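Below is one structure, written out as structure tokens; the observations come after it.
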Amino acid sequence: MASFSRIENFQVKTNQAFLDKAAALEPVLNKRVIRPERLITVEENPYHEAVVHEAAEMSELPKMSFGKGDKVIFDFGDHQVGYVSFTAVPVGSHYDAPAYLRMKFAEIPSELLEDSEDYDGWLSRSWIQEDTLHLDILPSAVHLPRRYAFRYMQIEVLDTSPKYSLTLRNIYCDYVSAVEMNVVEPLNSDDELLNRMDRVSIKTLMDCMQSVFEDGVKRDRRLWLGDLRLQARANYETFRNYDMVKRCLYLFAGMTFEDGRIGACFFHEPDLRVDDTYLMDYALFFGPTLCDYYEASGDLETLKELYPQAMEQIDICWDTMLDDRKIVIDKGDEFWCFLDWGEGLNKQAGAQAVLIYTMRYAIRMANVLGDQERIRKTEEQMEILKAAALENFWDEKQKLFVSGENRQVSWATQIWMILARVFDKEKSRELILHTMQVNPRIRMVTPYMYHHYMDALIRCGEDELALEEMKRYWGEMILDGADTFWELYNPYNKHESPYGSSMVNSYCHAWSCTPTYLLRKFYRKNGKI
Ligand code: RAM
């Protein structure tokens, strides 16, 4: 299922003062030189899993030379984001032809077993991290111009000539990030798996903190509002880089759709530009993200300045996205609301719940600013929307919420209804436990949706269960070899991809970094771990 939107003659509304504020907050990236730790080989086992074998220590490299058809794989020891350099030196007779190399970068070992010729997904194949290079003059100090996201780098010699081969020297990566790991205290739990989940979360977040909060450093390398909200939450518990959140909020507010709707994602290179994609849930999350930012940073000035736009997102939904019954109009297969990548997931009831959820944050902000009129209006609207949700989406027989014309039952719908607090805590608890028992066929596939599942369990007072589920999901990803958390992880289908091929899946995806937020905010602070 291809999901994207494209608007002909897309018109935007710009607030230059906001964009200038965002530009002034552009971070200077820290650089660190990282060298590979060892040479490896990768092979496929009978279960179609990639198995890594150590081939040699790095100290062996100067003694090795590579001719036509040879491959060497460098393991950089952990996930990296940055610019790779190396020197190629010819050995043998004087070189009589250019060296021709193919380089492949992989976040996880199985990417090295894939052949991009077989790619048939619907996202651009240009995301696959491989390049070829001709070296006309040797020796040659190569500085690759692209930024790569990887742990493993494979160099394949496509050709030299019968008269010479190559040695490879001084290979390193200039790692880049806006933040430094050493400002974050370790979790120090007695449970080593939790410590690892925390560390991997922080590394995921750190790698994605570039000029903006990128969603994924392999792909899409841009700012998405839904991702930002979770990244910002994890950031408040770890790096506490308030400026980067502020910069991203001003970017979204500084360039919107002509009618004031906030775009789902934003490009920051070569210049600032909102994408022509509107997602109802993402636009609404501008409010909660702003509210969280204010509560974490105390920056009242920014709250005041951006509050009107947060409210406007709700007003737009109230005015344009509801039918006479005050339920969200189902736009079916269009890319109009995200929630999760689950195949066939109907978004109608979930979107209604997100609108209600967002209103709670609107009231929180209105309280800070003493906006009584907004509080009164929003409380009234929330009640109307909750009543409409119960009337139209609650199925008393199944004791579950349904969504869409086909009355679909999904995990996402139940979870968002719980987060919207359509029921009180006890009834919500019954609902989540019942959902777990029923295990609806339309499951959660992204760590993004799993985060909301954890949030819902914690909200229902099921902290222990949330911890178990967190270990089962993110912990399992670690056991499957994650150095950073992946964009997609469906324990029931490990090769799942919403893009028609897992070759373009991202394996350092910021919306997956929330265990550190959950562990630090709800468990460590209360002395529970
Ligand atoms: C994908 C990315 C991104 C997400 C959007 C909706 O393109 O994974 O992180 O926010 O979908």
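Could you tell me whether any residue of segment 300-320 is more than 16 Å from the ligand (Cβ to nearest atom), surrounded by 19 or more Cβ atoms within 10 Å (Cβ to Cβ) and assigned to a loop (DSSP other than H, G, I, E, B)?
no
Within segment 108-131, identify whether any single residue is surrounded by fewer than 21 Cβ atoms within 10 Å (Cβ to Cβ), part of a strand (DSSP E or B) and in contact (Cβ under 8 Å) with a residue 24 or more places away in the chain, and answer yes or no.
Yes, that holds for at least one residue.
Looking only at segment 13-53, which residues are of a type in the set (S, T, N, Q), touching a residue at least 40 places away in the same chain (Cβ under 8 Å) and farther than 21 Å from TYR175 by Cβ? It would help to see each step written out before you state the result.
Let us first name the residues in segment 13-53 that are of a type in the set (S, T, N, Q), namely 14-16, 30, 41, 45.
Adding the requirement that they be touching a residue at least 40 places away in the same chain (Cβ under 8 Å) leaves 14-16, 30.
Across segment 13-53, the qualifying residues are THR14, ASN15, GLN16.
Hey, among GLU430, GLU468, GLU487, GLU426, which residue is of a type in the set (Asp, Glu) and within 14 Å of the ligand (Cβ to nearest atom)? Write out each step before concluding.
Values: GLU430 fails: within 14 Å of the ligand (Cβ to nearest atom); GLU468 fails: within 14 Å of the ligand (Cβ to nearest atom); GLU426 fails: within 14 Å of the ligand (Cβ to nearest atom).
After ruling out the rest, the residue left standing is GLU487.
Do we have GLU405 as more than 16 Å from the ligand (Cβ to nearest atom) and assigned to a helix (DSSP H, G or I) here? Spell out the reasoning first.
Numbers: more than 16 Å from the ligand (Cβ to nearest atom): yes; assigned to a helix (DSSP H, G or I): no.
Considered against the rule, which asks whether it is more than 16 Å from the ligand (Cβ to nearest atom) and assigned to a helix (DSSP H, G or I), GLU405 comes out as no.
Name the single residue that is surrounded by the fewest Cβ atoms within 10 Å (Cβ to Cβ) among those in segment 195-212 being closer than 23 Å to TYR83 by Cα and polar (S, T, N, Q). So that I can check it myself, show each step before the final result.
Of all residues in segment 195-212, those closer than 23 Å to TYR83 by Cα come to 200-212.
Retained after the next criterion (residues that are polar (S, T, N, Q)): 201, 204, 210-211.
Numbers: SER201: 28, THR204: 31, GLN210: 21, SER211: 17.
Looking at the filtered set, the residue picked out is SER211.
Cβ-Cβ distance below 6 Å, separation of 6 or more or different chains: which pairs start in segment 296-323 with a residue that is under 16 Å from TYR361 (Cβ atoms) and end on one that is surrounded by fewer than 18 Cβ atoms within 10 Å (Cβ to Cβ)?
Short answer, once both residue conditions are applied: GLU312/GLY260.
Taking segment 187-235, which residues are away from the ligand (no atom under 15 Å from the Cβ) and hydroxyl-bearing (Ser, Thr, Tyr)?
SER189, SER201, SER211
Going by the structure shown, is GLY77 of a type in the set (Gly, Ala, Ser), within 14 Å of VAL157 (Cα to Cα) and under 38 Å from the mean Cα position of the chain (by Cα)? Spell out the reasoning first.
Details: of a type in the set (Gly, Ala, Ser): yes; within 14 Å of VAL157 (Cα to Cα): no; under 38 Å from the mean Cα position of the chain (by Cα): yes.
Against the criterion (of a type in the set (Gly, Ala, Ser), within 14 Å of VAL157 (Cα to Cα) and under 38 Å from the mean Cα position of the chain (by Cα)), GLY77 does not qualify.
Kindly evaluate ARG6 against the criterion of being under 30 Å from GLY344 (Cβ atoms) and either assigned to a strand (DSSP E or B) or within 16 Å of the ligand (Cβ to nearest atom) (or both). Walk me through how you get there before you give the answer.
Details: under 30 Å from GLY344 (Cβ atoms): yes; either assigned to a strand (DSSP E or B) or within 16 Å of the ligand (Cβ to nearest atom) (or both): yes.
Yes: the conditions hold for ARG6.
Looking for whichever is touching a residue at least 12 places away in the same chain (Cβ under 8 Å), among the hydrophobic types (A, V, I, L, M, F, W, C) and in contact with a strand residue (DSSP E or B) (Cβ under 9 Å, 6 or more places away or on another chain) here; the options are PHE522, PHE485. Which one fits?
Details: PHE522 fails: in contact with a strand residue (DSSP E or B) (Cβ under 9 Å, 6 or more places away or on another chain).
Matching residue, one of PHE522, PHE485: PHE485.
Looking at (1) free of Cβ contacts under 8 Å to residues at least 60 places away in the same chain; (2) surrounded by fewer than 24 Cβ atoms within 10 Å (Cβ to Cβ); (3) over 28 Å from SER502 (Cα atoms); (4) among the aromatic types (Phe, Trp, Tyr), which one does PHE266 not meet, given that it meets all the others?
The single condition PHE266 does not satisfy is (3).
Let me confirm something: among LEU123, LEU133, which residue is out of contact with any Gly (no Cβ under 6 Å at 6 or more places or on another chain) and within 25 Å of GLY500 (Cβ to Cβ)? Give the steps one after another, and end with the answer.
Numbers: LEU133 fails: within 25 Å of GLY500 (Cβ to Cβ).
It is LEU123.
Read-outs: derived from the displayed coordinates by stated rules, not from any lab. These figures come from a predicted structure and were not determined experimentally. Here Cβ is always computed from backbone atoms with ideal geometry, including for glycine, and neighbour counts include all displayed protein chains.
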